[in-house]
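The values are calculated or read from the model by the stated rules, or taken from the named source; none is laboratory data. Just so you know, these numbers come straight off a predicted model, no measurement behind them. Every residue, glycine as well, gets a Cβ built from its backbone with ideal geometry; the counts of neighbours run over all protein chains shown.
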Amino acid sequence: MTAVSPNNRPDLRDLLAFYASAGVDEALEDEPVNRFAEAPSKPPERAAPPIAESATPQRSTSVSRAEISDRLNPAPAVRAPTTPATVPDEAQAALARQLATTAANLDELRQLMATFDGCNLKFTAKNLVFADGNPNAAVMLVGEAPGRDEDIEGLPFVGRSGRLLDRMLAAIGLDRNSAYIANVIPWRPPGNRTPTPHETEICRPFIERQIELVNPKVLVNLGGPSAKTLLNATEGILRLRGNWRVHTTAAGIVIPAMPTLHPAYLLRTPAHKKLAWRDFLEVKAKLRALG
């Protein structure tokens, strides 16, 4: 193995940037812990006092040995049972479906989501990331889940991915005043991990109701998870993108949907920006055709 040269070692700024990009944005303790410090040495154990022999021959030594054993090996303390971690279940998904149908408008839906405690992601996130943009817009874009920047600001697509998305919208004559943006999952998963299928199923009724209330002319699914969740698709995003699909609301309204590549993927794979550009041109043409 090649030794790391002192000149090539990452400095503190590089390490902090790495941790930030990995989603490590909070310390677990108030004070930093030096993992390389030597553990304090334990004080030597005091020797047990010698056992005095009984002067009375009639007394059995078995009792005294038992007492000594109990003193030298005390029974372990009984700990109180801990509260089990919150795990999503089918009952919470059913409750989400019931609550979502009662929302008469977006404000009510947002309030219901803010008070809903059935998704464990809520308890590790800083903010509910509901939506951004114009709810009366003709086009609605839906991603998968918020990241670190979105969790801090409480708005979707405000980090590097958001800045790229703004440029993509501007290329077809749109901005956040003429588009509506949301996510399937409204709370940031810890460390930007992938949401579990159960977490997605719990949040699905809220985004479906959100789409129904906005009632856009065109739906744009940003990335594979959004497309698979809202279009009931099984193919990968590279096979899905560029082909018009439909999203059908609970009321039976059919909305044309365009799956495309997520801006975060495009940042990692710039060569595929040309594919997303074609998809957005399709969206522009569809909006023009629908008036």
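Here are some notes:
- A single entry from LEU290, LEU281 fulfils the requirement of being touching a strand residue (DSSP E or B) at 6+ places or on another chain (Cβ under 9 Å), loosely packed, with under 14 Cβ neighbours inside 10 Å and touching a residue at least 60 places away in the same chain (Cβ under 8 Å): LEU290.
- The single condition from (1) assigned to a helix (DSSP H, G or I); (2) modelled with pLDDT under 95 that LEU287 fails is (2).
- Among the residues of the stretch 190-215, the one identified as among the hydroxyl-bearing types (Ser, Thr, Tyr) and closer than 27 Å to ASN136 by Cα is THR200.
- Any hit, the stretch 127-135, residues being under 25 Å from TYR265 (Cα atoms), over 16 Å from the mean Cα position of the chain (by Cα), outside any loop (DSSP other than H, G, I, E, B) and not hydrophobic (A, V, I, L, M, F, W, C): yes
- Single residue of LEU155, LEU165, LEU141, LEU128 found to be hydrophobic (A, V, I, L, M, F, W, C), touching a Gly at 6+ places or on another chain (Cβ under 9 Å), modelled with pLDDT of 95 or more and within 25 Å of ALA251 (Cα to Cα): LEU141
- Residues being among the hydrophobic types (A, V, I, L, M, F, W, C), part of a strand (DSSP E or B) and in contact with an Asp or Glu (Cβ under 7 Å, 6 or more places away or on another chain) - total across the stretch 221-271: 1
- Against the list (1) in a strand (DSSP E or B); (2) at pLDDT below 95, the condition ILE181 fails is (2).
- Residues (over 15 Å from ALA138 (Cα atoms), surrounded by 15 or more Cβ atoms within 10 Å (Cβ to Cβ) and out of contact with any His (no Cβ under 9 Å at 6 or more places or on another chain)) located in the stretch 250-271: PRO259, THR260, HIS262, PRO263, ALA264
- Hits in the stretch 196-252 - residues which are touching a strand residue (DSSP E or B) at 6+ places or on another chain (Cβ under 7 Å), within 20 Å of ARG268 (Cβ to Cβ) and not small (Gly, Ala, Ser): VAL220, ASN221, LEU222, ILE237, LEU240, ARG241
- Residues of the stretch 175-224 satisfying the condition of being β-branched (Val, Ile, Thr) and either over 20 Å from ALA103 (Cα atoms) or touching a Phe, Trp or Tyr at 6+ places or on another chain (Cβ under 7 Å) (or both): ILE181, THR194, THR196, VAL214, VAL218, VAL220
- Consider the stretch 94-126 and keep the residues that are surrounded by fewer than 12 Cβ atoms within 10 Å (Cβ to Cβ) and in a loop (DSSP other than H, G, I, E, B). The one that is nearest to the chain's Cα centre (by Cα) is ASP117.
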